[in-house]
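Participant: Input: one structure, supplied below.
The values are calculated or read from the model by the stated rules, or taken from the named source; none is laboratory data. Everything numeric here is computed off the predicted structure, so don't read it as measured data. Cβ sites come from the backbone with ideal geometry, for glycine too, and all protein chains shown count toward neighbours.
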Amino acid sequence: MKVLNPLKAPFGKARFSRVKNVTYRQWEDAFEVEFDDGLSFLEPHATIRKANRISPKAVVRSVEQDDELRHGFFVRYDNGQVAEVSWSFIRELPPKK
């Protein structure tokens, strides 16, 4: 099933908003990302794994928000890999090829 979100802006057109809160929903295998402007997105874990080249067998150990700038978050896995996710990855549509 492909999730289409009409709130996402075209690549390079989104307005910056600081990340307010990030949680990992294990039962949905997705991350809920809430922004200061009130928007909230449910980003599938598969897209974050693919973008950061994370092993399919890796298990999420922790989710850490960047507290100083609040421009993204980090996902740490049990095998030592780390995925870095920026605000634009969540709020923008990928560029068309």
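Participant: Every residue in region 16-38 that is in contact (Cβ under 8 Å) with a residue 24 or more places away in the chain, closer than 14 Å to F89 by Cα, of a type outside the set (G, A, S) and touching a Lys or Arg at 6+ places or on another chain (Cβ under 8 Å), please.
Facilitator: R18, V19, F31, F35
Participant: Sort out which residues of region 67-97 are surrounded by fewer than 16 Cβ atoms within 10 Å (Cβ to Cβ) and of a type in the set (A, V, I, L, M, F, W, C), and write them in order of number.
Facilitator: L69, F74, V82, L93
Participant: Okay, next question. Suppose we filter region 32-61 for residues that are surrounded by fewer than 16 Cβ atoms within 10 Å (Cβ to Cβ), among the small types (G, A, S) and over 25 Å from F16 (Cβ atoms); how many remain?
Facilitator: So the count comes out to 2.
Participant: Could you go through region 9-21 and let me know if any residue there is assigned to a strand (DSSP E or B), at pLDDT 90 or above and of a type in the set (G, A, S).
Facilitator: The answer is no, given that none of the residues of region 9-21 is assigned to a strand (DSSP E or B), at pLDDT 90 or above and of a type in the set (G, A, S).
Participant: So for region 44-52 (the condition being among the β-branched types (V, I, T) and either in a loop (DSSP other than H, G, I, E, B) or free of Cβ contacts under 8 Å to residues at least 12 places away in the same chain (or both)), does at least one residue qualify?
Facilitator: If we filter region 44-52 for residues that are among the β-branched types (V, I, T), which is where we start, we get 47-48.
Among the residues that remain, those that are also either in a loop (DSSP other than H, G, I, E, B) or free of Cβ contacts under 8 Å to residues at least 12 places away in the same chain (or both) are: 47.
There is at least one residue in region 44-52 that is among the β-branched types (V, I, T) and either in a loop (DSSP other than H, G, I, E, B) or free of Cβ contacts under 8 Å to residues at least 12 places away in the same chain (or both).
Participant: In region 77-97, what count of residues is obtained for those that are more than 13 Å from A14 (Cα to Cα) and part of a strand (DSSP E or B)?
Facilitator: Of all residues in region 77-97, those more than 13 Å from A14 (Cα to Cα) come to 77-85, 96-97.
Still in the running and part of a strand (DSSP E or B): 77, 82-85.
So the answer is 5.
Participant: Taking the condition loosely packed, with under 15 Cβ neighbours inside 10 Å, among the charged types (D, E, K, R) and assigned to a strand (DSSP E or B), does E64 pass? Walk me through it before giving the result.
Facilitator: Working: loosely packed, with under 15 Cβ neighbours inside 10 Å: yes; among the charged types (D, E, K, R): yes; assigned to a strand (DSSP E or B): yes.
When the stated conditions are applied, E64 passes them.
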